[in-house]
Structure formats: C-alpha cells, structure tokens
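What follows is one structure encoded as structure tokens, with my remarks underneath.
The values are calculated or read from the model by the stated rules, or taken from the named source; none is laboratory data. None of these values were measured; they are calculated from a predicted model. Note that we place each Cβ from the backbone using ideal geometry, even for glycine, and neighbour counts take in every protein chain shown. Just so you know, the surface numbers come from the protein's heavy atoms only, side chains and all, with ligands and any DNA or RNA stripped out. Shrake-Rupley method; radii C 1.70, N 1.55, O 1.52, S 1.80 Å.
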Amino acid sequence: MDSFNILKIAANALNNKKAMQLEAIYIEEISDLSDYFVICTATSNAHIRALADAVEEKLKEAGVMPNHIEGKASDWLLLDYGTVVIHIFGKASREFYALDHMWNDGEQVDLDKILELNLEG
C-alpha cells in the first residue's frame, strides 16, 4: 500500500477516536526517514493506547502491519509503518518535544481533504 493511503487510514482512525491537534507533515523531500509524520495529542495514557489500537486495527484490516512500535507504557507512543510514522503524545510530551516545530520545513498536509465523516458511532 502506498504511503498516502496509509496516511489516510491512520489519520481517519485517529480522528474517529478524538485525537487532538491532529496534523500530518510530508517530509519525503527533506528526510530519508519516511514520507509522512502524523502527530497528535491524547488526553491520557489510556487515550494514547486507544488511539494506537485504532490505527493498528484499521491498518491491519487493510493488510498493513507496523515495522516497529515504541513507548507502549509512556507519554509518547510511536507507530512506525516505514513510509508513515505516527507519533501519539500526551500533552506535556507534545509540548516538550515539539516535533511539529522541528519538522516545520516539511509540507503541512491538509487533513480536511482526507478525513472522512465518522459513520461508526
């Protein structure tokens, strides 16, 4: 599956589970790390886990498995899908690490164009 479709599935899963400050940054032109970073904030550690579970479930349904997962018991959970890396932060960690500012040379993705109406609930 191409990176844009992974991004679309992940962003919609996060949005449907009420991720806060959801954004995506296209970084392929400025980094070899991946094509996209997806960054969001959760309200609690339980919310972090619920967001990660939703992303994993939806991408697994699409036949995509993560290469690596880090931080399952912390305030920053990272899901590495190779071309798309998803960062789920608690509020304090999001402010401290400021990845969105660190990668501000990347291109902001207009998520309004790819987020679908939540019909699940």
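Going down the table (Lys17/Lys60; Lys8/Lys113; Lys72/Lys113), which pairs top 19 Å between alpha carbons?
Numbers: Lys17/Lys60 17 Å; Lys8/Lys113 10 Å; Lys72/Lys113 30 Å.
Pairs exceeding 19 Å: Lys72/Lys113.
Please sort 3-9, 103-109 by packing, taking for each peptide the average over its residues of neighbouring beta carbons within 10 angstrom, highest first.
3-9, 103-109
If you average the sequence gap of Cα pairs under 8 Å that are 6 or more apart and divide by the length of segment 32-83, what percent do you get for the contact order? Don't skip to the end; give the middle numbers.
Working: 43 pairs, mean separation 19.5, N = 52.
Relative contact order for segment 32-83 comes out at 38 percent.
Quick one: work out the % antiparallel among DSSP beta bridges in the chain, nearest 5.
70
Can you give the FRET efficiency for Ile69 and Asp105, using 1/(1 + (r/R0)^6), R0 = 35 Å, r = Cβ-Cβ distance, to the nearest 0.05?
In this case the efficiency is close to 0.85.
Taking the Cα centre of segment 15-84 as the origin, how large is its charge dipole in debye, to the nearest 20, when only Lys and Arg (+1) and Asp and Glu (-1) carry charge on their Cβ atoms? Spell out each step's value before the answer.
Values: 6 positive and 12 negative charges, 91 e Å.
That gives a dipole near 440 debye.
For segment 7-14, just list the computed ³J(HN,Hα) in residue order, Karplus coefficients 6.51, -1.76 and 1.60, θ = phi - 60°, integers in Hz, with x standing in for Gly and Pro.
Values, residue by residue: 4, 4, 5, 5, 4, 5, 4, 5 Hz.
Which shape class, rounded, prolate or oblate, goes with the chain when its Cα gyration tensor gives a ≥ b ≥ c as root eigenvalues, a/c under 1.5 marks rounded, and past that a/b bigger than b/c marks prolate?
The shape class here is rounded.
Out of the total accessible area of the chain (probe 1.4 Å, heavy atoms of protein only), what percent is carbon and sulfur?
50
Could you give the accessible area per residue of segment 25-71, probe 1.4 Å, as a whole number in Å²? Numbers along the way, then the final one.
Numbers: 2390 Å² over 47 residues.
It amounts to 51 Å² per residue over segment 25-71.
Lys/Arg Cβ at +1, Asp/Glu Cβ at -1, dipole of the chain taken about the Cα centre: which of Gly90, Ala19, Ser44 is farthest positive-ward?
Ser44
In debye to the nearest 20, how big a dipole does the chain give about its Cα centre with +1 on each Lys and Arg Cβ and -1 on each Asp and Glu Cβ? List each step's numbers first, then the result.
On the way: 10 positive and 21 negative charges, 123 e Å.
That gives a dipole near 580 debye.
Under a crude label model (7 Å from the Cα following the beta-carbon direction), how far is Leu33 from Glu57 in nanometres?
2.8
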